[in-house]
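A quick write-up on the structure given underneath.
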Amino acid sequence: MSVNRPLVRGELKAQRSREYLLKQQEDFVRKHGEDLGAFYFLIMLVQTHGRKALKRGDVQALRLLAHDLHGVYLKHTQQ
């Protein structure tokens, strides 16, 4: 049995963050079309994640991000 309870502050923040990202994705897709909009949204996420990692001084996160981006580049440029 599920009991409805008010969300705690952390849960509200996570819910609002998800809602914001979904709206951003919808806006990019509406403005630029399905493929290009999804690409721009991904670039926005990468930029945001990278900026936050840089601000924290999290070198490992930046290395992982660069590694993942390089993997995507290789996957789509190999013939």
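The set of residues from the stretch 27-43 being open to solvent by less than 60 Å² (accessible area, probe 1.4 Å) and in contact with a helix residue (DSSP H, G or I) (Cβ under 6 Å, 6 or more places away or on another chain) comprises 28, 29, 37, 41.
Within the stretch 44-68, being under 26 Å from residue 26 (Cβ atoms) and open to solvent by 80 Å² or more (accessible area, probe 1.4 Å) holds for 47, 49, 51, 52, 68. The condition of being over 14 Å from the mean Cα position of the chain (by Cα) and closer than 22 Å to residue 18 by Cα does not hold for residue 64.
Only one residue in 15, 24 is in contact with a helix residue (DSSP H, G or I) (Cβ under 7 Å, 6 or more places away or on another chain), among the polar types (S, T, N, Q) and open to solvent by less than 70 Å² (accessible area, probe 1.4 Å), so which one is that?
Selected residue: 24, the only one of 15, 24 that is in contact with a helix residue (DSSP H, G or I) (Cβ under 7 Å, 6 or more places away or on another chain), among the polar types (S, T, N, Q) and open to solvent by less than 70 Å² (accessible area, probe 1.4 Å).
Among the numbered conditions (1) assigned to a loop (DSSP other than H, G, I, E, B); (2) open to solvent by less than 60 Å² (accessible area, probe 1.4 Å), the only one that residue 5 does not meet is (2). Suppose the filter is at pLDDT below 90 and assigned to a helix (DSSP H, G or I); does residue 29 pass it? Considered against the rule, which asks whether it is at pLDDT below 90 and assigned to a helix (DSSP H, G or I), residue 29 comes out as no.
The values are calculated or read from the model by the stated rules, or taken from the named source; none is laboratory data. Computed from a predicted model, the values in this text were never measured in an experiment. Quick reminder, even Gly has a Cβ in these numbers, built from the backbone with ideal geometry, and neighbours come from all protein chains shown. Accessible surface is based on the protein model in full, side chains and every heavy atom, while ligands, DNA and RNA are left aside. Shrake-Rupley method; radii C 1.70, N 1.55, O 1.52, S 1.80 Å.
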